[in-house]
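Beneath this line is the structure, given in structure tokens, with notes to follow.
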Amino acid sequence: MSNTAPEIHRGLAGVVVDTTEISTVIQETNSLTYRGYPVQDLAARRSFEEVAYLLWYGELPDARRLADFQARERALRPLDRTTSELLVRLPETCHPMDVLRTAVSFFGAEDPTEDDGSLGANRAKSLTLLAKLPTVVAADQRRRRGLDPIPPDPELGYAQNFFHMCFGAVPAPEVVRCFEISLVLYAEHSFNASTFTARVVTSTLSDLYSAVTAAIGALKGPLHGGANEAVMHMLNEIGDPQRAEEWLTEALASKRKIMGFGHRVYKYGDSRVPIMQEALERLVARAADPEVTRLATLHAALRHAMLTRKGIHPNLDYPAGLAYHLMGFDIPAFTPIFVMSRITGWTAHITEQLAHNALIRPLASYAGPDQRAVPAGAG
Ligand code: ACO
């Protein structure tokens, strides 16, 4: 037996656990690629549906394949009556991420091919989730506003249809475009916590719905996807742009984590932020409203203060959180919107994990009491 203490990698920081062909962060250039394509170019030139196809099939679709993909996605959007009835029975006090997690679990329970882990079956399940999750998120936001759900419109694209189901109207094309950019940017990010969770579950040869349900649980936390909601709560807490500096001093003194800042992988700025920040600025400019200007000024002031004081850059959740607010979504819907996008990355990784599976089972260094005898029982 070796006496050398094992090297511990808390939080698996810096540990490379497998290979992936789906995406990579290139530290030297601070860039992110999906299947080799820079994400900023995809965000500028391609629709979210094309990016979903790319993540799943490895190549961008041609016109015929895209039309077929879109037709299949649009046909799967409606929820059946049983699902709708189940979801409205969940208490409104629960977070919409709990509704989404329950919905995915229910889809799994209803799916007769639940235990069929073939590539074809998993692709069909992935498309079903991509199509139905926005219907769940939109219906849940409307229910919390005391409104009836609006059925999906098969004539509309993924992003447009989501606005239609939430608000009964599709906003100006620039607004839909900003939303679509956020979906492209959120779609995939290598072995992040929720994707890794999905891969751990898949590695036991469990089913896709179980892996996605677990991934939703991992994304909900404020150190991960929940940060986009936390950003908006934080901006509301600060309120006045003049208070940003003072608020930050107090927050840092009390060891609070500043939401929407910092990243495990990016230490010099999240490669997705410049694109989302530009989209946010377009939303601010078209609003031309004093309340929006106040929020944008506060957003910029806190970003500046955090960079000067701590040298910590914002991550994607920082501009995305405010952008979703300006688009009219309720704060608790922000992380569910992240799910609507990341479902593409999660399911691409589930497929990849299954293609060359190895059970994910790390070791731990024991730090508990030495072995001891069990005392006699009290009785
Ligand atoms: N606010 C204040 N200090 C921070 C922050 C932050 N947001 N992020 C990092 N730091 C500080 C830490 O306190 C630590 O300082 P110390 O060395 O003096 O103790 C140092 O920077 C390193 O931070 P770690 O927490 O060790 O970095 P880690 O890689 O573990 O954490 C994380 C990354 C969890 C994202 C962290 O930056 C954080 O909590 N951010 C806020 C939550 C957030 O925005 N999450 C979204 C992530 S992106 C996404 O999911 C799309």
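Remark: for residue pairs Lys220/Lys267; Lys125/Lys257; Lys220/Lys255; Lys220/Lys257, the C-alpha separation exceeds 26 Å in Lys125/Lys257.
Ignoring the sites themselves, what is the longest stretch of the chain with no chymotrypsin sites (Phe, Trp or Tyr not before Pro) in a DSSP loop and at most 10 other beta-carbon atoms within 10 Å? List each step's numbers first, then the result.
Values: sites that count: Tyr268, Tyr366.
Counting at most 10 other Cβ atoms within 10 Å as exposed, the longest clean stretch of the chain is 1-267.
When Ile26, Ile258, Ile360 are ordered from fewest to most other Cβ atoms inside 10 Å of their Cβ, what list results? Intermediate values should be presented prior to the final figure.
Values: Ile26 11, Ile258 22, Ile360 15.
Least to most surrounded, the residues fall as Ile26, Ile360, Ile258.
Helix-derived [θ] at 222 nm for the chain: sum -39500 (n - 2.57) over DSSP H runs of at least 4, divide by residue count, nearest 500? The partial results should precede the final answer.
On the way: 16 runs with 217 residues, N = 379.
Roughly -18500 deg cm²/dmol at 222 nm, from the helical runs in the chain.
The magnitude of the dipole of the chain, with charges of +1 and -1 set on the Cβ of Lys/Arg and Asp/Glu and taken from the Cα centre, is near 580 debye.
Taking other Cβ atoms within 10 Å as a rough exposure proxy, Asp153, Asp148, Asp207, Asp111 sort from fewest to most as Asp148, Asp153, Asp111, Asp207. A run of the chain free of exposed loop cleavage sites, with GluC sites (Glu not before Pro) counted only in DSSP states other than H, G, I, E and B and at most 15 other beta carbons within 10 Å, reaches its longest extent at 156-379. Using the Cβ of His325 as centre and a radius below 11 Å, the other residues enclosed give a net charge of -3, where K and R count +1 and D and E count -1. Here is the list for region 96-177: trypsin sites (Lys or Arg not before Pro) lying in DSSP coil, each with at most 11 other C-beta atoms within 10 angstrom of its C-beta, are Arg145.
Taking square-rooted eigenvalues a ≥ b ≥ c of the alpha carbon gyration tensor, is region 338-379 rounded, prolate or oblate, where a/c under 1.5 means rounded and, failing that, a/b exceeding b/c means prolate?
Working: a/c = 3.96, a/b = 2.81, b/c = 1.41.
Taking the square roots of the gyration eigenvalues as a ≥ b ≥ c, region 338-379 is prolate.
Read-outs throughout are calculated quantities, based only on the coordinates presented, and are distinct from any laboratory measurement. The structure presented is a predicted model; accordingly, all values stated were derived computationally and were not measured. Every residue, glycine among them, receives a Cβ derived from its backbone with ideal geometry; neighbour counts consider all protein chains shown.
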